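Readers should treat all values here as calculations from the given coordinates under stated rules, not as data from a laboratory. Computed from a predicted model, the values in this text were never measured in an experiment. Cβ sites come from the backbone with ideal geometry, for glycine too, and all protein chains shown count toward neighbours.
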C-alpha cells in the first residue's frame, strides 16, 4: 500500500447562474481515505463530485486523476426495461470485466429480483443495483453521490462494509452525504 | 479503444428499441400515413401522383425520422446512463454514432422496405423504384445523423420536439435536394454522387458534433 495521491482537485470553483457556489476548494485523496462532502441542499456537493469525476469542467482550478474511478451518481443509470442482471452484464461487457454477475447479485442481496425489470423494483433495490457496479471491476477511487439514499438498514450495513473493505484494500472513497454519516470519515469537507 | 463498448452500445440500443415497441412503429405509421393521405389531398390524377410520389415519400421520410429522435439521448441524460457512457466508454462520439445508426436501422430502414409498396400505391414507375430505395436508405441515414445532432443539442430541454425540428430541418435540405433529383435521374447522375458526398460528410461530422453536444448536456 502506498500513500500516493489517487485523486487531487486544487482550487476548484463553481458558478451556478450569477452565484458562486464555492471557490478555492482543495481535495486530495490517498489510499485508505474516506472523504465526506457535507453541506446543505444546493451547496454544490454534487457539482464538486461531478467536477472531480470529469463530468463537468471546473470553472476554476484543476483536477488530476492518476487512478481510475467508479462513479455512482444520484441517478442510478438504470433503464426501466433493464433487469439488475442485464444491467450488470451490459456494463461488464462495456468495461471488459469478467466478474461473475450471479455472485455479485447474491453478495448485494439481489438474487431474488435479479430478473425483474427495474420499473418494478423498489428505490432501494435500484440503488443496490447501481452500487453493484462497484464490484464489477476493481478501481481505486470511488465517487459516490448520496450512496446511502433509499437503502434499508441492512443495505446501509452492507455498503459500509463495502466501503471499509475497499479502503482496507488501498482504495479511496469520496462521498457526498447529508444527514448523519453511518461511517467514520478520514476528513470532511463542508461546502 | 476496444470494440466492446460499441458492441454493447449497439445491443443496448436494440433492446431499448425493443422495449419501446410502440414507439418504434410510430415513424413507420407516420410514413405510411402521409403517403396514404396525400393522394386524397391532391386528387386522383394518376399522372400527377406518379410525378410527385417520390418527392412526397422523401418528405414523409424526413419528417418521420424526427418523430422518435427526441428520446434518443434525453432518456440517457435523465436516468444517468449518459454519465456512465461519458466516463467509461472511451469515446462518447462513437457511442452516440452507434446509437443513432441503430436508431436508423430499427426505425429508418423499415421505411425503405416499405417504399415499393407505397411507391406502387402512388404510381411511381417500377424503373425508379431501385434508385428511390437506395436514395431513401442513404438520405434516411443523413436525416437520422443530423437529427441525432439536434437531439443531442436539445437533450436537456423538456419537450424538445420543436427545437429538434428547427435545428435539424435546415441540415436535411441538401440531402433532400440531391435525393429527389437522384430518384429522377438515376444512378448515372451527379446528384447521386452529391448524395453520397452528403452522406459521407454527415458520417464524418455528426458523431463528433453529437459527442460535443452530449458532453455539454451532462455539465
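General observations
- Built from the Cα atoms of the range B:20-97, the convex hull projects on average onto 6.6 nm², one quarter of its surface area.
- Using alpha-carbon coordinates, inclination of helix B:190-218 to the longest axis of chain B, degrees: 30
- Estimated translational diffusion coefficient (Stokes-Einstein, Kirkwood radius over Cα pairs, 20 °C, 1.002 mPa s) of the range B:117-193: 156 µm² per second.
- With contacts taken as Cα pairs under 8 Å and at least 6 residues apart, chain B reaches a relative contact order of 27 percent.
- For chain B, the calculated P(r), taken from all Cα-Cα distances in 10 Å bins from zero up to the bin holding the longest distance, is 9, 34, 34, 17, 6, 1 percent.
- Equivalent ellipsoid of the range A:103-157: semi-axes from √(5λ) of the C-alpha gyration tensor, largest first, are 18, 14, 10 Å.
- Taking the number of Cβ atoms within 10 Å of each Cβ as an exposure proxy, the fewest-first ranking of B:138, B:182 is B:138, B:182.
- Average projection, convex hull of the Cα set of the range A:131-187: 3.9 square nanometres.
- Cα point-scatterer Debye curve for the range A:73-180, base-10 log of I(q)/I(0) at q = 0.23 Å⁻¹: -1.46
- Choice from A:32, A:124, A:17 showing the highest fluctuation, given a GNM over chain A with Cα pairs closer than 10 Å: A:17
- Crossing angle, helix B:109-122 versus chain B [Cα axis fit, 0-90 degrees, rounded to tens]: 20
- Label-to-label distance, residue A:23 versus residue B:91, with points set 7 angstrom from Cα along the beta-carbon direction: 4.0 nm.
- Here, the range B:84-164 is characterised by an Rg to Rh ratio of 1.12, where Rg is the alpha-carbon radius of gyration and Rh the Kirkwood radius.
- Rg followed by Dmax, in Å, when the range B:153-205 is reduced to its Cα trace: 14.3, 45
- Shielding of A:94-102 by partner chains, average beta-carbon count, 10 Å: 3
- Between helix B:70-79 and chain B there is an angle of about 10 degrees, using the helix long axis and the longest principal axis of the Cα atoms.
- Residue order for A:37, B:153, fewest other beta carbons within 10 angstrom first, comes to B:153, A:37.
- Short-range pairs are left out: with C-alpha atoms under 8 Å and at least six residues apart, the relative contact order of chain A is 32 percent.
- Footprinting exposure proxy for A:98, A:103 (fewest neighbouring C-beta atoms within 10 Å first): A:98, A:103
- MRE, 222 nm, helices only [DSSP H, n ≥ 4, -39500 (n - 2.57), over the protein assembly as shown, to nearest 500]: -19500 deg cm²/dmol
- Per-bin percent of Cα-Cα distances, the range A:15-98 [5 Å]: 3, 10, 18, 20, 16, 14, 11, 7, 1, 0
- Each principal axis of the Cα atoms in the protein assembly as shown has its own extent, and those three values, largest first, are 81, 47, 35 angstrom.
- Gap separating the Cα centres of the range A:88-118 and the range B:1-62, nearest whole Å: 36
- Peptide B:74-85 - average C-beta neighbours from other chains (10 Å radius): 5
- Per-q log10 I(q)/I(0), chain A, q = 0.08 Å⁻¹ (Debye; single scatterer per alpha-carbon; no solvent): -0.26
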